[in-house]
Structures are given as structure tokens and as C-alpha cells.
Amino acid sequence: MNPPASYSFSFEPLFLVLAAAAAYGYVRLARSVERPSRARATVFALGLVLIAFSLNSPLETIAVHYLLVIHLLQNVMIADWAPPLLIIGLTRTMRAAIARRGGRTFAVLTRPKVALPVWLVGWYGIHLALLYDFALRHAWTLNIEHLLLIAIGFLFWWPVLADEPGDIGAPLKIGYLGTAFVGSVFLGLGLTFASTPFYDFYEEAPRLWGLSAEKDQNFGGILMNVEQAFVFLAAILYFVVKLIPEEERTRAGA
């Protein structure tokens with residue numbers, strides 16, 4: 001069977017339903033807990049659009065039929081970009097309400113010492129060749145892969161952005177983000193410098209845009225490393241800048 005045209009739309013309807021459900025939940029929270037500013041609501045909506053668009057558009061067609069680099073772009077959109085936007089889009093009161101409803105399990109999973117290893121294990125595990133190839137050949141496991149990426153991304157970013165009581169503070173957040181960046185960089189480096197394809201599915205896939213399977217993989221690794229460098233270093237810089245006035249207040253108090 002010939003693959004669909006690269007510009008045609010493919011869909012993972014589950015994530016359209018989940019985005020709609022999240023939007024409905026957001027409206028309920030806004031009415032019952034605290035009305036967010038227009039800016040926060042826009043940021044939350046952008047997070048939902050990133051998830052819904054990346055998995056229900058020509059990106060999906062190219063990712064599941066042609067190119068690894070586009071599949072990796074999808075992964076960073078839903079794991080590294082969307083979760084922090086969703087959390088930032090919540091007011092502090094809304095985040096507190098979600099934490100209460102999540103109960104003890106949510107509280108444990110969002111502790112930095114739990115969230116970080118869960119995120120790293122999930123990030124590497126999902127990209128193991130055996131699991132990745134299997135997911136690409138079975139739609140239901142691809143849905144699970146994407147659900148896991150969103151979930152571990154949300155758990156990872158919650159301790160950094162939720163600003164809950166008992167917040168770990170800027171210095172620990174900087175260490176947390178730095179550890180995550182260093183710990184995750186090896187996957188992208190491996191893809192960047194490998195001379196043979198990791199994934200049989202993409203080695204056998206029709207080629208697009210003149211990219212060989214090896215170059216496709218190399219560009220995917222570069223994309224992943226550049227994107228994570230930008231996201232993590234931007235977040236680290238934010239907390240470094242935030243730390244400066246805190247130190248000045250501490251000196252003034254002393």
C-alpha cells in the first residue's frame with residue numbers, strides 16, 4: 001500500500017477529545033475556583049493547540065509514514081513545550097485545586113526526586129528502538145507513547161512552575177533543570193552522530209525531501225539537542241535572574 005501524500009492530514013482523535021476535555025475542565029475551574037487573566041487563558045490554549053495540532057495534521061502523516069525528524073519534533077512539542085504552557089496557564093489557586101484532587105499520588109509523583117527520574121526513564125524508554133518501532137506499527141501503542149510523553153512532561157515541569165506551598169526555591173530549581181538537561185542530552189547526541197539508523201521502521205520508510213535514513217536521524221538528534229538546550233537554558237536563566245533580587249533581600253535583611 002502506498003503511503004498518503006505528505007501534505008495530507010492524519011489524525012489521532014484521542015488527543016482532540018483530550019484537548020476538548022482539558023478545555024472544558026479549565027472553564028469549570030475558572031468558574032468555580034478563580035478566573036484567570038486573558039494572558040493565562042491564552043497560554044493554556046496554546047498548550048492545548050500544540051498537542052492537538054502536532055498529532056492531527058500533516059505533521060502526523062509525515063511522522064508515521066516518512067521521517068523520524070518530524071516524529072521527534074512532535075515529541076518535543078507535546079513533552080517539552082505543551083506541559084509548561086499548560087501549567088503556566090493555570091492560576092496558583094487552580095494549581096492548588098488540581099493538586100488537592102490529585103491526592104497523595106500526585107503529590108508523590110511531582111516531588112523533584114521522583115519526577116526527575118520518572119521523566120528521564122520515560123524519555124529514554126519511549127525512544128528505545130524496539131518500543132519505538134512497535135509503536136509506529138500499531139496505532140494504539142502510538143497513542144500510549146504520546147500519552148506518556150505528555151504525562152511525564154507535566155510531572156517534570158510541575159515542581160518547577162507550580163509555585164506551591166513548600167516550593168523548592170530557585171537554587172534547587174536551577175540544579176533540577178541542569179541535571180535534567182545533562183541527563184537527557186545523550187539521546188540526541190546518539191542520534192546526531194550515529195552512522196546507522198536506530199529504527200528499522202524509518203530505514204524502510206519512503207524517503208522525503210532527499211533525506212536518507214541516516215541524515216533524517218542525524219537531523220532529528222540535532223533538533224532534539226538544540227530544542228532542549230533552548231528550553232532548559234531559558235528556564236535556568238529565568239531562575240538565575242529571579243535569584244538575584246532574593247539574594248539582595250537576604251543581604252539587606254542580614
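The values are calculated or read from the model by the stated rules, or taken from the named source; none is laboratory data. Note that the structure is predicted; figures quoted are calculated from it, not measured. Glycine also receives a Cβ, built like all others from the backbone with ideal geometry; neighbour counts cover every protein chain displayed. Protein only, heavy atoms only, side chains kept; ligands, DNA and RNA dropped before computing areas. Shrake-Rupley method; radii C 1.70, N 1.55, O 1.52, S 1.80 Å.
Summary table
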item	result
Selection within region 150-179 - in a helix (DSSP H, G or I), open to solvent by less than 20 Å² (accessible area, probe 1.4 Å) and under 22 Å from Ile51 (Cα atoms)	Ile152, Gly153, Phe156, Trp157, Trp158, Pro159, Val160
Filter result for the condition that a residue is more than 21 Å from Ile62 (Cβ to Cβ), among the polar types (S, T, N, Q) and free of Cβ contacts under 8 Å to residues at least 60 places away in the same chain, over Thr141, Thr196, Thr179, Thr192	Thr196
Of all residues making up region 11-65, the number that are under 30 Å from Pro206 (Cα atoms), in contact (Cβ under 8 Å) with a residue 24 or more places away in the chain and open to solvent by less than 70 Å² (accessible area, probe 1.4 Å)	16
Listing of helices (runs of 4 or more DSSP H) fully contained in region 1-90 that carry 2 or more residues being over 13 Å from the mean Cα position of the chain (by Cα) and not hydroxyl-bearing (Ser, Thr, Tyr)	13-32, 38-55, 58-65, 68-76
Any hit, region 119-141, residues being farther than 22 Å from Gln217 by Cα and modelled with pLDDT of 95 or more	yes
Hits in region 119-138 (condition: without any contact (Cβ under 8 Å) to a residue 40 or more places away in the chain and either surrounded by fewer than 16 Cβ atoms within 10 Å (Cβ to Cβ) or among the polar types (S, T, N, Q) (or both))	Val121, Gly125, Leu128, Leu130, Leu131, Phe134, His138
Asp167 vs. criteria closer than 26 Å to Thr61 by Cα and charged (D, E, K, R)	no
Criterion violated by Ala79 - all others in (1) under 28 Å from Arg207 (Cβ atoms); (2) open to solvent by 20 Å² or more (accessible area, probe 1.4 Å); (3) of a type outside the set (Asp, Glu) satisfied	(2)
Residues located in region 91-118, provided they are surrounded by fewer than 17 Cβ atoms within 10 Å (Cβ to Cβ), in a helix (DSSP H, G or I) and among the basic types (Lys, Arg)	Arg92, Arg100, Arg101, Arg104, Lys113
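Table: residues versus (1) in a helix (DSSP H, G or I); (2) out of contact with any Leu (no Cβ under 6 Å at 6 or more places or on another chain).
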residue: Trp140; (1), (2): yes, yes
residue: Leu148; (1), (2): yes, yes
residue: Val182; (1), (2): yes, yes
residue: Leu189; (1), (2): yes, yes
residue: Tyr202; (1), (2): yes, no
residue: Leu211; (1), (2): no, yes
residue: Ile222; (1), (2): yes, yes
residue: Glu227; (1), (2): yes, yes
